[in-house]
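The values are calculated or read from the model by the stated rules, or taken from the named source; none is laboratory data. The structure presented is a predicted model; accordingly, all values stated were derived computationally and were not measured. Cβ: placed from backbone, ideal geometry, glycine included. Neighbour counts: every protein chain shown. Ligands, DNA and RNA are stripped out before the accessible areas are found, and what is left, the full protein with its side chains, is counted by its heavy atoms. Shrake-Rupley method; radii C 1.70, N 1.55, O 1.52, S 1.80 Å.
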Amino acid sequence: MNTVANLVGTNMNDVSRTEIDSLWTAARNTPCKYAECTGDGHEHVLPESEWSHEAVNASFDGGIVLSSISDRLGTFTGDISFEGSGEMTAAEFRDAADTYEAFPEWLRSMADRLDVLAA
């Protein structure tokens with residue numbers, strides 16, 4: 001029988017791993033009050049009242065910049081990540097400069113959304 005080591009160093013068999021995956025999937029798919037919530041913060045090991053929810057998910061530049069605003073026990077926090085890498089031509093740098101000219105405005109709009117949620 002295959003075993004998988006869990007975070008505390010004990011072993012669980014395939015049956016218990018399947019049960020855990022099932023619980024995690026059920027928690028993640030539990031609807032919540034935020035339409036944009038992906039369920040990633042719905043941790044099956046915590047009571048539902050302690051789950052984290054994405055209230056806002058947004059992207060800039062076709063998904064190169066990803067941002068979310070989450071609600072964790074009534075405290076709202078933002079998260080941002082930048083994706084992508086690669087070589088660029090001079091023309092691509094100029095195109096990016098034009099696109100990212102709007103970036104400060106987008107960041108301010110995320111701040112405004114966070115303010116509204118936290119109010």
Where a label projected 7 Å from the Cα of residue 118 along Cα→Cβ would reach, residues of region 38-76 with amide N under 17 Å: 53-57, 67-76
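With the contact rule set at Cα under 8 Å and sequence spacing of 6 or more, what percent relative contact order holds for the chain?
On the way: 137 pairs, mean separation 15.9, N = 119.
Rounded, it is 13 percent for the chain.
Work out the FRET efficiency for residue 99 and residue 79 from their Cβ-Cβ distance, taking R0 = 25 Å, and round it to the nearest 0.05.
Details: r = 21 Å, r/R0 = 0.86.
That pair, residue 99 with residue 79, gives E of 0.70.
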If the label point sits 7 Å along Cα→Cβ of residue 46, residues of region 62-99 with amide N under 18 Å come out as 68-80
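Heavy atoms only, 1.4 Å probe, whole protein assembly: order 100, 34 by accessible area, highest first. Show your work: numbers first, answer last.
Details: 100 65, 34 35 Å².
I get 100, 34, largest accessible area first.
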In whole Å, largest first, the alpha carbons of the chain cover along the principal axes 57, 41, 22
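What's the local net charge at residue 92, with K and R +1, D and E -1, over the other residues with C-beta under 14 Å away?
Values: positive: 94; negative: 61, 87, 95, 98.
Neighbour charge sum, excluding residue 92 itself: -3.
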Could you sort 30, 18 by their accessible area in this structure, using a 1.4 Å probe and putting the largest first? 18, 30
Which one, 104, 46, 65, is farthest towards the positive end of the dipole of the chain when Lys and Arg carry +1 and Asp and Glu -1 on their Cβ? 46
